[in-house]
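Following: one structure in structure tokens, then a few remarks.
The values are calculated or read from the model by the stated rules, or taken from the named source; none is laboratory data. All values derive from a computational prediction rather than experimental measurement. We place every Cβ from the backbone using ideal geometry, glycine too, and count neighbours over all the protein chains shown.
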Amino acid sequence: MEKINVAERPQIDTAAAWQAYWEKTAKLSTPILWNTPSEIASERDLPRFQHLMNPELPLIDFACGHGNQAYFLAQHFPRVMGVDVSASAIELAQAQYGAPNIEYRVLDALKPEQAAALHAEIGDSNIYMRTGFHHICPEKRDTFAQSLHTLLGKQGILYLFELGDGGDEYVGSMVDRYEVQLVVQHGLRPGAITQQEVARYFADYEVLDSGKDTLQPVVRFENGEAAQIPAFYAVLRRK
Ligand SMILES: C[S@@+](CC[C@H](N)C(=O)[O-])C[C@H]1O[C@@H](n2cnc3c(N)ncnc32)[C@H](O)[C@@H]1O
């Protein structure tokens, strides 16, 4: 097994790395580290933002992965769109978590012209983003945030749930686990985001709600306890 220090980020094409990860996952049906049941993920998130969002706007599950959270959200919003950089993730989502009111599309947040084209098509959207941001390397986070600003427009509300302070170290402590190896062997690395950084990337936004939480990946320790990665959530609206 490769010994990896998750604090070191290799210079890689992250879009290609995510595609390689998802392609292998789809072909081999390997476990997905963040395949948290919606009961302890989007279902717990929902009361934090549902009453604040205009349901007439589409709800985008941004960096939706294989779509299990989008599927839950589509039971509570009339129109959901799942977007992700990886075509294989989108194919998995379409196959496993399709519903008449969900549309899945490939979109790379590091290419803001793609967000601009989508915004021109569907107008302002609400956004749900669960752990889509922390793994983006710090130099590219402004570009990533730009795509979110474009899609939110003036009316959209953003709910984000991210690995918080110490989250990357926590994942580092589990790096030998099979589910984590499946990710890091592609050069992908966890990161962390502080609430202060969120305030910087979303300087024109007011924080309607925020708080601490934990993310439960599929990893269990020898004593049977589930891993609990430090995380936080925030609900943001343009000022
Ligand atoms: C940790 S997974 C979370 C997936 C999903 N939100 C969930 O909670 O199940 C991160 C996701 O971000 C996607 N991603 C990475 N870079 C991206 C980018 N530049 N644009 C859009 N999605 C991206 C990956 O393909 C992956 O599906």
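Restricting VAL183, VAL218 to those that are aliphatic (A, V, I, L, M) and under 24 Å from LYS111 (Cβ atoms) reduces the list to VAL183. Contact annotation: residue pairs with Cβ atoms under 6 Å, 6 or more positions apart or on different chains, pairing a residue in the range 203-215 that is in contact (Cβ under 8 Å) with a residue 60 or more places away in the chain with a partner that is part of a strand (DSSP E or B) and of a type in the set (D, E, K, R), are LEU208/ARG237. Identify, from the list ALA192, ALA226, the residue that is free of Cβ contacts under 8 Å to residues at least 24 places away in the same chain and in contact with a Pro (Cβ under 9 Å, 6 or more places away or on another chain). It is ALA226. Note on the range 46-67: residues that are buried (at least 20 other Cβ atoms within 10 Å of the Cβ) and either out of contact with any Ser or Thr (no Cβ under 9 Å at 6 or more places or on another chain) or closer than 22 Å to LEU188 by Cα (or both) total 9. As a summary of the residue check, ASP168 satisfies the conditions (1) buried (at least 18 other Cβ atoms within 10 Å of the Cβ); (2) in contact with a helix residue (DSSP H, G or I) (Cβ under 8 Å, 6 or more places away or on another chain); (3) modelled with pLDDT under 95 except for the one numbered (2).
Checking each residue in the range 5-59 for being closer than 26 Å to LEU208 by Cβ, hydroxyl-bearing (Ser, Thr, Tyr) and not in a loop (DSSP other than H, G, I, E, B) picks out SER38, SER42.
Of the strands (runs of 3 or more DSSP E) lying entirely inside the range 75-130, those containing at least 3 residues that are touching a residue at least 40 places away in the same chain (Cβ under 8 Å) span 126-130. Scanning the range 60-72 for residues being small (Gly, Ala, Ser) and not in a loop (DSSP other than H, G, I, E, B) gives a total of 1. The single condition from (1) of a type outside the set (S, T, N, Q); (2) buried (at least 20 other Cβ atoms within 10 Å of the Cβ); (3) touching a strand residue (DSSP E or B) at 6+ places or on another chain (Cβ under 8 Å) that PHE144 fails is (3). Residues that are more than 15 Å from the chain's Cα centre (by Cα) and within 11 Å of the ligand (Cβ to nearest atom) within the range 73-88 comprise ALA87, SER88, listed in sequence order.
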